[in-house]
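Visitor: Sharing a structure, written as structure tokens. Questions coming.
The values are calculated or read from the model by the stated rules, or taken from the named source; none is laboratory data. Computed from a predicted model, the values in this text were never measured in an experiment. Don't worry about glycine lacking a Cβ; one is built from the backbone with ideal geometry, like all the others, and counts go over all protein chains shown. SASA here: full protein model, heavy atoms, side chains in, ligands and nucleic acids out. Shrake-Rupley method; radii C 1.70, N 1.55, O 1.52, S 1.80 Å.
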Amino acid sequence: YAEQLDTQARAEALTQSVAAIAPKVARAAAAYRRVGERFGKTPQTAEALKRMADLEENVAKDDTQAAAALGQLEKDYPDEADAGFAMREEARLLRKQADALKTGKPEEAVKDYHAALDKLEAYRKTFASQKGANPDHASAALMEEGRIWMDWLGDPLIRPIEIFQQVLKDYPQCEDEPEAMFRLAELFEKAKDYDQALMMYAELLEKYPRSK
């Protein structure tokens, strides 16, 4: 029933304003919440929280409610598939919020970037070394830490260098390896370590000649 209401709200969102479909979104979210109220902590309840978070963010455009659903998911379902997912998504929302603030409210943006870093670091400490942990998720979380340091925080320069070096060391041949190599070369160049930059660019060209 919740899925039906969700589908209806998403369909109407294509032609109507956020305000106009707000009642439909609220009904769908309430139905998702009732899954947990009626059946307790089940896989379906975890899925309901994930769907509710997506609905709130992408249809209702309400990141606060999306974060609340993810926070509940993190609290109630401690496994990587659920809590780990929630932590990565919470970090993404925090970075999204920081990106929106960086021009007009840079100090608040910095706080949100650091909050996103804290969430990513907590995810990696909790799940990255666990048996059966998904290495793609762990490498992606570490990459995102590096991007935040390099693109928005900047100083100290050594921090993103160390992070991208760790990506290459701990997750060889991961999906993000070409980007990590390229960013590391750029950072060496910025640090005026031109020999290291050239070596990294050359290694990237040799290993991933067709990469963008």
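Visitor: Find the relative contact order for the chain and round it to a whole percent, using C-alpha pairs within less than 8 Å whose residues are 6+ positions apart.
Guide: The normalised contact order for the chain reaches 10 percent.
Visitor: To the nearest 0.05, what FRET efficiency results for ARG210 and ASP136 with a Förster distance of 22 Å applied to their C-beta separation?
Guide: 0.60
Visitor: Could I ask something else about it? So between LYS41 and ALA122, what do we pick up on full extension, going 0.36 nm a residue minus the alpha carbon distance?
Guide: Between LYS41 and ALA122, full extension yields an extra 26.8 nm.
Visitor: Now for a separate question. Which of the peptides 84-96, 63-75 is most tightly packed, and how do the rest follow, judged by the mean count of other Cβ atoms within 10 Å per residue?
Guide: My ranking of the peptides, most packed first, is 84-96, 63-75.
Visitor: Based on the Cβ-Cβ distance from GLN4 to LYS96, what FRET efficiency comes out when R0 is 30 Å, to the nearest 0.05?
Guide: Once rounded, the FRET efficiency stands at 0.55.
Visitor: Something else: Hey, what angle do you get for helix 106-123 against the long axis of the chain, alpha-carbon based, 0 to 90 degrees rounded to 10?
Guide: Long axis of 106-123 versus the principal axis of the chain: about 90 degrees.
Visitor: Calculate the FRET efficiency for ASP76 and ASP155 from the Cβ-Cβ distance with a Förster distance of 41 Å, rounded to the nearest 0.05.
Guide: After rounding to 0.05, the efficiency reads 0.60.
Visitor: To continue, here is another question. Which chymotrypsin sites (Phe, Trp or Tyr not before Pro) in region 1-62 sit in a loop by DSSP (not H, G, I, E or B) and have at most 15 other Cβ atoms within 10 Å of their own Cβ?
Guide: Answer by residue number: TYR1.
Visitor: Another question about this same structure. Sort 172-178, 45-51 by packing, meaning the average of other beta carbons within 10 Å per residue, with the highest value first.
Guide: 45-51, 172-178
Visitor: Okay, helix-only estimate at 222 nm for the chain: each DSSP H run of n ≥ 4 adds -39500 (n - 2.57), divide by all residues, round to 500 deg cm²/dmol; what do you get?
Guide: Calculated from helices alone, the mean residue ellipticity at 222 nm is -24000 deg cm²/dmol.
Visitor: If you stretched the chain out fully between GLN173 and THR64, how much longer would it get, using 0.36 nm times the residue separation minus the C-alpha to C-alpha distance?
Guide: So the extension gain works out to 35.6 nm.
Visitor: Now for a separate question. Could you work out the percent of alpha carbon pairs in region 1-92 separated by over 18 Å, rounded to a whole number?
Guide: 40 percent
Visitor: Counting Lys and Arg as +1 and Asp and Glu as -1, each charge on the Cβ, what is the dipole of region 1-65 about the Cα centre in debye, to the nearest 20?
Guide: 240 debye
Visitor: On the full set of protein chains, 1.4 Å probe, figure out the accessible area of ASP76 and give it in Å² to the nearest 10.
Guide: For ASP76, the solvent-accessible surface is approximately 40 Å².
Visitor: Solvent-accessible area of ARG147, probe 1.4 Å, all protein chains present, reported in Å² to the nearest ten, please.
Guide: Its accessible surface works out to 40 Å², give or take rounding.
Visitor: Quick check: pseudo-label points 7 Å beyond the Cα along Cα→Cβ at SER129 and ALA19, how many nm apart are they?
Guide: Going by the 7 Å Cα→Cβ label model, 5.3 nm.
Visitor: By how many degrees, between 0 and 90 and to the nearest 10, does the Cα long axis of helix 43-58 differ from the longest principal axis of the chain?
Guide: Here the helix axis deviates by roughly 80 degrees.
Visitor: Return one number: the angle in degrees, 0 to 90 and rounded to the nearest 10, between the long axis of the Cα atoms of helix 2-13 and the longest principal axis of the Cα atoms of the chain.
Guide: Between the helix axis and the principal axis of the chain, the angle is about 70 degrees.
Visitor: Can you list, bin by bin at 5 Å, the percent of alpha carbon pairs in region 145-198, starting at 0?
Guide: 5, 23, 32, 25, 13, 2
Visitor: For the chain, divide the Cα radius of gyration by the Kirkwood radius and give the resulting Rg/Rh value with two decimals.
Guide: For the chain, the value is 1.05.
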